[in-house]
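Scroll down for the structure; my scribbles are underneath it.
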Amino acid sequence: MEKKNLDWANLGFNYMTTDYRYVSNYKDGKWDDGAIVTDSTVTLNECAGVFQYSQSCFEGLKAYTTEDGHIVCFRPDLNASRMKDSCERLEMPVFPEDRFVEAVEQVVKANAAWVPPFGSGATLYIRPYMIATNAVIGVKPADEYQFRILVTPVGPYFKGGAKPITIRVSDFDRAAPHGTGHIKAGLNYAMSLHAIVDAHAKGFDENMYLDPATRTYVEETGGANFIFITKDGKFVTPKSDSILPSITRRSLMVVAEKYLNMPVEHRQVKFSEVKDFEECGLCGTAAVISPIGKIVDHGEEICIPSGMEEMGPYTRKLYDTLTGIQMGEIEGPEGWVHTIM
Ligand SMILES: *Cc1c(COP(=O)(O)O)cnc(C)c1O
């Protein structure tokens, strides 16, 4: 298989049309067999449920090449089960979890020429998603759906290393109490777009959202969970039913405890505690960990002791260990690295 002739190391985080995508349709109460197709367009009725009442959810994971030349992805079974949770909350039909993983394998294999080579820092971003496809005008769930997986090569999230970022405490919420914050619904992102555009306009990289009911506990950002390190080397990460359960964060909890012997606390984190932490970061599939250097709360600055120059030492160890496991340089727990070919 010959690789595409791309400048792998200089790819951005942008969509590029690749050769194949996976499509399966749900009709009359069942999913069809699904297939790999070449058409990158979707044609729908003007009144499709996704356009009217936003029945849409998605996942995100990456495939990459290991040093020994295999193409692998990371814990796709967790993406499958998280999408199941999203579908159930949105009254959408679940795409069977085993079929989800098989579809990821099929679409990555078909697009093997688009999987960036080892060492380039680039990866093949995989975006499974589901939309309501039949016409719906009275408010109710649709009865027909499409499950689709597109893939697109993306560059290293941080070119030239991860620099600590500055975030602000947002006056907007990304989720409602007892709402949909814990599932990966497109509608959560629609709600956060104004907040992120406003944050960028004011010179901040991201928003820190507090719990929408009381504004006293830390939740997450628009697309990544928080991790904190205490002065005595404890790993602390916020717990709330409106936080999206990040697979990266769940993996880092295991890395901290089992690989780095750090005590792990998954609990409510008061915003008033944040000033006492030694290191702080955001975690998600795209960047793995982005270190945070400064948090601004309505003009009041909290400077994280690890500073604005580089990741703190614990964050660095967490980052190196998790990416080492992902790349096959460190033996990971059973089932974490999923070989596709
Ligand atoms: C996808 C997502 C994350 C990160 O989850 P990963 O599984 O680690 O990629 C965090 N927060 C939100 C709101 C998300 O949508």
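Can you pull out the strands (runs of 3 or more DSSP E) entirely within region 136-249 that have at least 2 residues that are away from the ligand (no atom under 16 Å from the Cβ) and at pLDDT below 95?
none
Would you be able to tell me the number of residues in region 66-81 that are free of Cβ contacts under 8 Å to residues at least 60 places away in the same chain and open to solvent by less than 20 Å² (accessible area, probe 1.4 Å)?
1
Output the residues belonging to region 82-103 that are open to solvent by 40 Å² or more (accessible area, probe 1.4 Å) and either within 11 Å of the ligand (Cβ to nearest atom) or not hydrophobic (A, V, I, L, M, F, W, C) (or both).
Here is the first cut: in region 82-103, the residues open to solvent by 40 Å² or more (accessible area, probe 1.4 Å) are 84-85, 88-89, 91, 94, 96-99, 102.
Those that are open to solvent by 40 Å² or more (accessible area, probe 1.4 Å) and either within 11 Å of the ligand (Cβ to nearest atom) or not hydrophobic (A, V, I, L, M, F, W, C) (or both): 84, 85, 88, 89, 91, 96, 97, 98, 99, 102.
State which residue is surrounded by the fewest Cβ atoms within 10 Å (Cβ to Cβ) when the search covers only region 15-64 and only residues that are within 16 Å of the ligand (Cβ to nearest atom) and among the aromatic types (Phe, Trp, Tyr). Steps first, answer last, please.
If we filter region 15-64 for residues that are within 16 Å of the ligand (Cβ to nearest atom), which is where we start, we get 54, 56-64.
With among the aromatic types (Phe, Trp, Tyr) added as a condition, the list becomes 58, 64.
Working: 58: 18, 64: 22.
The extreme case among them is 58.
Before we move on, is residue 289 in contact with a helix residue (DSSP H, G or I) (Cβ under 6 Å, 6 or more places away or on another chain) and either part of a strand (DSSP E or B) or within 16 Å of the ligand (Cβ to nearest atom) (or both)?
Working: in contact with a helix residue (DSSP H, G or I) (Cβ under 6 Å, 6 or more places away or on another chain): yes; either part of a strand (DSSP E or B) or within 16 Å of the ligand (Cβ to nearest atom) (or both): yes.
Criteria met by residue 289.
I want to confirm something. Restricting to region 108-140 and keeping residues that are within 14 Å of residue 51 (Cβ to Cβ) and of a type outside the set (Gly, Ala, Ser), which single residue is least open to solvent (accessible area, probe 1.4 Å)? Give the derivation first.
Step one: list which residues in region 108-140 are within 14 Å of residue 51 (Cβ to Cβ), which gives 131-137, 139.
Filter once more, so that each one left must be of a type outside the set (Gly, Ala, Ser): 131, 133-134, 136-137, 139.
Details: 131: 19, 133: 23, 134: 26, 136: 3, 137: 127, 139: 126 Å².
Looking at residues that are within 14 Å of residue 51 (Cβ to Cβ) and of a type outside the set (Gly, Ala, Ser), I get 136.
For region 250-277: of the residues being of a type in the set (A, V, I, L, M, F, W, C) and within 27 Å of residue 215 (Cα to Cα), which is nearest to the ligand (Cβ to nearest atom)? It would help to see each step written out before you state the result.
Taking region 250-277 first, the residues of a type in the set (A, V, I, L, M, F, W, C) are 252-256, 260, 262, 264, 269, 271, 274, 277.
Keeping just the survivors that are within 27 Å of residue 215 (Cα to Cα) gives 252-253, 264, 269, 271, 274, 277.
On the way: 252: 9, 253: 12, 264: 16, 269: 15, 271: 18, 274: 18, 277: 19 Å.
The selected residue is 252.
Sort out which residues of region 305-330 are open to solvent by less than 10 Å² (accessible area, probe 1.4 Å) and either closer than 18 Å to residue 199 by Cβ or within 16 Å of the ligand (Cβ to nearest atom) (or both), and write them in order of number. Don't jump to the end; show me each part of the working.
Filtering region 305-330 down to residues open to solvent by less than 10 Å² (accessible area, probe 1.4 Å) leaves 312, 315, 318, 322, 324-325.
Those that are open to solvent by less than 10 Å² (accessible area, probe 1.4 Å) and either closer than 18 Å to residue 199 by Cβ or within 16 Å of the ligand (Cβ to nearest atom) (or both): 315, 318, 322, 325.
The values are calculated or read from the model by the stated rules, or taken from the named source; none is laboratory data. Remember, predicted model here, so these are calculated numbers, not experimental data. Virtual Cβ from ideal backbone geometry, glycine too; neighbours counted across all protein chains shown. Quick note on the areas: whole protein, heavy atoms, side chains included, nothing else; ligands and nucleic acids left out. Shrake-Rupley method; radii C 1.70, N 1.55, O 1.52, S 1.80 Å.
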